[in-house]
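Asker: Quick one: structure below, then a few questions.
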Amino acid sequence: MKEEIRIKSKLEFDDFFRNSNGISNNYFVLYKEDKKLENVRVGIAIGNKFGKAYKRNLYKRRLRNIIRNNYNKFNQNYDYVLLIRKSCDTIDYREMEEYFLNLIKKVK
């Protein structure tokens, strides 16, 4: 993802987790807040309990690619943080994209 559409700051992640309600399914939790800059920004969070670093990075790369391909489907009024759940390692890329897009549709 491009640098201007990423959320990377720990303070911003903590702010999302504290102040916004998440929309969830079995594989992801999506937090949204009113956007602070002109671009819609997206952050990806994954816990250490998910697995070793190579596995966490694999799922973050997959999700970044899904976000990049479907960036225009996001509601343009919000910034998002996406939390990947442990159960996500049981599905393949296509299913991951399908569940993610269904979650995005719930936001609108």
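Asker: Go over the candidates Tyr54, Tyr99 one by one and state the one that is outside any loop (DSSP other than H, G, I, E, B), open to solvent by 90 Å² or more (accessible area, probe 1.4 Å) and not aliphatic (A, V, I, L, M).
Answerer: Result of the check over Tyr54, Tyr99: Tyr54.
Asker: Would you check which residues across segment 61-71 are in contact with a strand residue (DSSP E or B) (Cβ under 8 Å, 6 or more places away or on another chain) and either without any contact (Cβ under 8 Å) to a residue 12 or more places away in the chain or crowded, with 16+ Cβ neighbours inside 10 Å (or both) and list them?
Answerer: Leu63, Ile67
Conditions (1) open to solvent by 30 Å² or more (accessible area, probe 1.4 Å); (2) assigned to a loop (DSSP other than H, G, I, E, B), marked per residue:
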{"site": "Asp14", "(1), (2)": "yes, no"}
{"site": "Ile23", "(1), (2)": "yes, no"}
{"site": "Lys32", "(1), (2)": "yes, no"}
{"site": "Leu37", "(1), (2)": "yes, yes"}
{"site": "Tyr80", "(1), (2)": "no, no"}
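The values are calculated or read from the model by the stated rules, or taken from the named source; none is laboratory data. Note that this is a predicted model, so its numbers are computed, not measured. Every residue, glycine among them, receives a Cβ derived from its backbone with ideal geometry; neighbour counts consider all protein chains shown. Please note that ligands, DNA and RNA were not included when accessible areas were found on the heavy atoms of the full protein model with its side chains. Shrake-Rupley method; radii C 1.70, N 1.55, O 1.52, S 1.80 Å.
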